[in-house]
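Below is one structure; the comments refer to it alone.
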Protein chains: 2
Amino acid sequence: MTELPPPTLDDATRARAELALCGLMAYRELTAFERLSSDARFSPTIIDRVALARLAVHEFGHYERVVEVITSRGAEPTDSMEPFVASIDALHDRTRPGDWYESLMKAHVIDSVSGDFYVAISRGLDPDVRGLVQEVQALDAQNQWLHERLQEALAEDPRLASRLALWGRRLLGEALTQARRIADSGLFNDALITEADEAGEEPLGVLFAQLVENHSRRMAALGLTA
Amino acid sequence: MTELPPPTLDDATRARAELALCGLMAYRELTAFERLSSDARFSPTIIDRVALARLAVHEFGHYERVVEVITSRGAEPTDSMEPFVASIDALHDRTRPGDWYESLMKAHVIDSVSGDFYVAISRGLDPDVRGLVQEVQALDAQNQWLHERLQEALAEDPRLASRLALWGRRLLGEALTQARRIADSGLFNDALITEADEAGEEPLGVLFAQLVENHSRRMAALGLTA
């Protein structure tokens, strides 16, 4: 997402966008924890249950980290999360995984798209908030594990490919719908504006095109048609 | 449970009981994590969701700690857990909390009764296994928080008392049934024998009487009739 130049924001707008981004990340990480750990019970083996549980615990660690930042700015974490409860809950309700593989895929796709979206929002924000986004959303060891585990499953059972490709497209669609809803909420408007948008293209069109492109690249890396 | 004198075990019996106890604790902690974190979603407020999530993450930390010990003894964690899967799953299936308060109560009662049971099994085992039991099952900050949160809820809504008292009795009954099943499995027989049992009382009668007594004391501390 480095291609998009950072917007110039006044202090009040930046501070407001920073707190809103933290609230968004906190609620996303908390619900990712809850959903992943619930899904863990339906894993094929105890080893797989533990793997998903560990992933969930990792997301909870992110939640705690973001809440620290919110609190250090004198804000109330629940107040910061509140504006995002409805759209994130809706995203989860519309993307209930049917089995363990769909859970893995959901974690992989939603974590990645969300991460790209947060990076885009954070372009014009303080370096410490940009650092937090990197910390929380880095394509780290956990995401690498997800990628490898999915690759392994696809190699073992090629029939899985068409099902997971379809599921991946659905996940992307739902994630973009909610990202749009969040972008339209007015909480990030100035932080999300790009020069291309100002030049008259579809508002946020450049950003959303990039989210789709990054997703396609990740699906291709799994040998799936995005 | 200090009143019961430790049995004298031969090395092979002790080593077998130690590994079995670790397997039992590991699977209990893993499932406690899964169930608590699933329950968290139905908490009344985000703060309460986070509290239950944190409790769940704490149980997962115990799981990881016990698995370390199993692995350090050259055993396979899933093999050690396997004998306990059916009875612990049955316990959870028979004690699905109806709401957040019942989740809290379940964590409080089952953690405590399990802790007492593990202490009883561990009497004749190696000091490092006894230390692990203390570490995992200690009535620590988390359990103290559960107690205080339940007290607070009961003070706010006295009608909760009769419902939670009934629920507490049901939890105790189910926990004892599964403890009996585990005791009868033959994996811990010698480790659980006491002099009183040998003196002709109901096998394990002394132990089970103590489990009930400790439970009653905890319920009384909450102002509930056990």
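Name the residues in region B:55-74 that are within 12 Å of another protein chain (Cβ to nearest Cβ) and without any contact (Cβ under 8 Å) to a residue 12 or more places away in the chain, would you? Matches in region B:55-74: B:Gly61, B:Glu64.
To keep it simple, each residue is scored yes or no on (1) at pLDDT below 90; (2) within 30 Å of A:Ile88 (Cβ to Cβ); (3) buried (at least 21 other Cβ atoms within 10 Å of the Cβ); (4) touching a helix residue (DSSP H, G or I) at 6+ places or on another chain (Cβ under 6 Å).
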| residue | (1), (2), (3), (4) |
| --- | --- |
| B:Asp11 | yes, no, no, no |
| B:Ala17 | no, no, yes, yes |
| B:Glu34 | no, yes, yes, yes |
| B:Ala40 | yes, yes, yes, yes |
| B:Val50 | no, yes, yes, no |
| B:Ala56 | no, yes, yes, yes |
| B:Gly74 | no, no, no, no |
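Would region B:108-126 turn up any residue that is of a type in the set (S, T, N, Q), surrounded by fewer than 16 Cβ atoms within 10 Å (Cβ to Cβ), closer than 21 Å to B:Val206 by Cβ and under 15 Å from the mean Cα position of the chain (by Cα)? Checking region B:108-126: not a single residue is of a type in the set (S, T, N, Q), surrounded by fewer than 16 Cβ atoms within 10 Å (Cβ to Cβ), closer than 21 Å to B:Val206 by Cβ and under 15 Å from the mean Cα position of the chain (by Cα).
The residues of region A:33-59 that are over 15 Å from A:Trp145 (Cβ atoms), charged (D, E, K, R) and either assigned to a helix (DSSP H, G or I) or in contact with a strand residue (DSSP E or B) (Cβ under 7 Å, 6 or more places away or on another chain) (or both), listed by number, are A:Glu34, A:Arg35, A:Asp39. None of A:Met81, A:Met25 is buried (at least 20 other Cβ atoms within 10 Å of the Cβ), away from chain B (no Cβ under 12 Å) and within 22 Å of B:Ala51 (Cα to Cα) except A:Met25. Only a single criterion out of (1) of a type in the set (Gly, Ala, Ser); (2) under 19 Å from the mean Cα position of the chain (by Cα); (3) within 12 Å of another protein chain (Cβ to nearest Cβ) is not satisfied by B:Ser43, namely (2). State whether one or more residues within region B:92-99 are within 14 Å of another protein chain (Cβ to nearest Cβ), surrounded by fewer than 22 Cβ atoms within 10 Å (Cβ to Cβ) and closer than 23 Å to B:Asp10 by Cα. Checked region B:92-99: no residue is within 14 Å of another protein chain (Cβ to nearest Cβ), surrounded by fewer than 22 Cβ atoms within 10 Å (Cβ to Cβ) and closer than 23 Å to B:Asp10 by Cα. Within region A:182-226, restricting attention to residues that are surrounded by 15 or more Cβ atoms within 10 Å (Cβ to Cβ) and among the charged types (D, E, K, R), which residue is modelled with the highest pLDDT? Only one residue fits best here, namely A:Arg218.
Considering only residues that are surrounded by fewer than 20 Cβ atoms within 10 Å (Cβ to Cβ) and charged (D, E, K, R), look in region B:58-69 and name the one that is farthest from the chain's Cα centre (by Cα). Filtering region B:58-69 for residues that are surrounded by fewer than 20 Cβ atoms within 10 Å (Cβ to Cβ) and charged (D, E, K, R), the one farthest from the chain's Cα centre (by Cα) comes out as B:Glu68.
The values are calculated or read from the model by the stated rules, or taken from the named source; none is laboratory data. Quick caveat, the model's predicted, so the values are computed rather than measured. Cβ coordinates were reconstructed from backbone atoms using ideal geometry, including for glycine residues, and neighbour counts include every protein chain displayed.
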